[in-house]
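The values are calculated or read from the model by the stated rules, or taken from the named source; none is laboratory data. Predicted, not measured: the structure shown is a model, and the values here were computed from it. Note that we place each Cβ from the backbone using ideal geometry, even for glycine, and neighbour counts take in every protein chain shown. Side chains are part of the model used for accessible areas, which takes the heavy atoms of the whole protein and leaves out ligands, DNA and RNA. Shrake-Rupley method; radii C 1.70, N 1.55, O 1.52, S 1.80 Å.
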Amino acid sequence: MDLLANLANLGHGFTVALSWNYLLYCLAGVILGTFVGVLPGLGTVTAISMLMPFTFGLDPLEALIMLSGIFYGGLYGGSTASILLNLPGTPASAVVALDGYPMAQQGRAGVPLFMTAIASFVGGCTALVMVGLAAPAIVQIAMEFGSAEYFSMMLLGLIAAAAASSDMPLHSIGMVIVGLLLGMVGMDIVSGMMRFTFGVPIMAEGISFIVVAMAFFGLAEVITNLEPHVHRQMVQQVGGWRSMMPTRDEARRSVGAMLRGTPLGAFLGALPGAGPTIASFMAYTVEKRVSSHPERFGKGAIEGVVAPEAANNAAAQTGYIPTLTLGIPGDAVGALILGTLIMHGIAPGPRVISSHPDLFWGLIASMWIGNFLLLWVNIPFINIWIKILSIPYRILYPAIMVFLCIGVYSVSNSAFQLFLLAGLGGAGYLFAKLGCPASPLLLGLILGPMMEENLRRALLIGRGNPMVFLESPISAGILSLCAALLILMIAMPIVRERKSRNKQGNQTE
């Protein structure tokens, strides 16, 4: 009965979303989101923040459809910037650069761009079907999570990020710790005291993710490529559709990656506080662990591009469940969507589905339509995106620097952020030279404040007893996974080294 009722509600949502005004706002949102995502230095959070005042005169569904289109359109476009220029606009697209960027350097940029469009479409549409058919059940699972479970889930995301980013686990764990320390800069969430601000008032707001992302992935890359001995292979001529098609083996591996990444992303996206970032890193970790050739990852493995892209788009769609039904945003975009709802007089909560069925089901249907529109907007223009690689260095890098400075300055309209960009960019360059990956640092910076808040809250509930994290079966299970993953991270390099030694010994004999 519930299944038939949900199908009927989804059908009603399509009748609402197919109205010409909603279609127009959906198209405007996805095109603008793709454009913003492609441009390095900008992001969906900035775009949505700037456009929120313009939605005051719209009805709530029109506003949500357009802002949501910017969100998942930005995820599509963000992968383009990651693959072509190694400049992710969001943390979720940062992991796509690990294998997408090497493929672009090999002269095969069309393949990851084509496959990310397909993976995004499959992940997004499949997740929306899951939302439409299983929304009540997912809400019940999400409501089981308390502070201890949130902390454990975020800890698992950090360990997974460290496991996915490097074959040297100590380097990755060290970068996670650096990210957590950067996340502690600013005002203490409980006492209100200033921490690590060095007397700079603007540092009370903390260090913005945008500044760190642009410094470590943008400015550090520019500095590296300005070295006289570095000569990157650039795509000088792009073929037709045939050059964008993956090989038969890559297509086979992509199907499995999408089938694993989509449900994982959909589940994690429905959990408050998880979202596309953790889903993307977790999907990459899973693919690296199940692969029979993990050494290909980081050097241009197609499943390292497809799985995170399917997962982050699936998580983006199901992330609306805690935002709309529980009032708990999973990330900054969720917070903006939540603010838009409240601004239009709609109180988010468990009754939003029954009280505003046109809004909830119309939004779900519009996102399905938006994924179709994005598929047709992105694939025909792949050749245009690839041509970015053929821009001469003397034009490309100054242009990147301009976008970096615009994006960073827009964080707080302060020149101090530009000095911070320069300092962190130099640090990112040194870390890259030492073989320390930047992705774990980025995730540590984002999850650090939320982890601290949930850690303190859980300890207050448990009256200072750390066993509160093991009393919950869900939290205990997640922490067990954390321990197993840590042991695996430490053991795998040792086993690999022993195998190589035995192989060398056999060859010597």
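Scanning the stretch 293-309 for residues that are over 15 Å from PRO246 (Cα atoms) and either under 11 Å from the mean Cα position of the chain (by Cα) or not hydrophobic (A, V, I, L, M, F, W, C) (or both) yields HIS293, PRO294, GLU295, ARG296, GLY298, LYS299, PRO308, GLU309.
Restricting the stretch 44-73 to residues that are modelled with pLDDT of 80 or more and closer than 30 Å to GLY428 by Cβ, which is farthest from the chain's Cα centre (by Cα)? The extreme case among them is ILE70. Scanning the stretch 477-486 finds no residues that are over 26 Å from PRO276 (Cα atoms) and open to solvent by 50 Å² or more (accessible area, probe 1.4 Å). Report yes if ALA347 is modelled with pLDDT under 80 and closer than 30 Å to GLY174 by Cα, otherwise no. No: the conditions fail for ALA347. GLY107: touching a residue at least 24 places away in the same chain (Cβ under 8 Å) and buried (at least 24 other Cβ atoms within 10 Å of the Cβ), yes or no? Answer is no for this residue.
Yes/no per residue for (1) open to solvent by 60 Å² or more (accessible area, probe 1.4 Å); (2) at pLDDT below 70:
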position: HIS356; (1), (2): yes, no
position: ALA365; (1), (2): no, no
position: GLY370; (1), (2): no, no
position: LEU374; (1), (2): no, no
position: SER390; (1), (2): no, yes
position: TYR393; (1), (2): yes, yes
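The test for being over 21 Å from the mean Cα position of the chain (by Cα), aliphatic (A, V, I, L, M) and open to solvent by 20 Å² or more (accessible area, probe 1.4 Å) holds for ILE490. Residues in the stretch 457-476 that are in a helix (DSSP H, G or I) and either farther than 18 Å from MET153 by Cβ or open to solvent by 80 Å² or more (accessible area, probe 1.4 Å) (or both): ARG457, LEU460, ILE461, LEU470, GLU471, PRO473.
With the requirement that a residue be hydrophobic (A, V, I, L, M, F, W, C) and surrounded by 21 or more Cβ atoms within 10 Å (Cβ to Cβ), what does the stretch 412-423 give you? Residues satisfying the conditions are LEU420, LEU421. Here the helices (runs of 4 or more DSSP H) wholly within the stretch 237-302 that include at least 3 residues being modelled with pLDDT of 80 or more and hydrophobic (A, V, I, L, M, F, W, C) are 248-270, 275-290. Only a single item in (1) modelled with pLDDT of 80 or more; (2) open to solvent by less than 60 Å² (accessible area, probe 1.4 Å) is not met by LEU443, and it is number (1).
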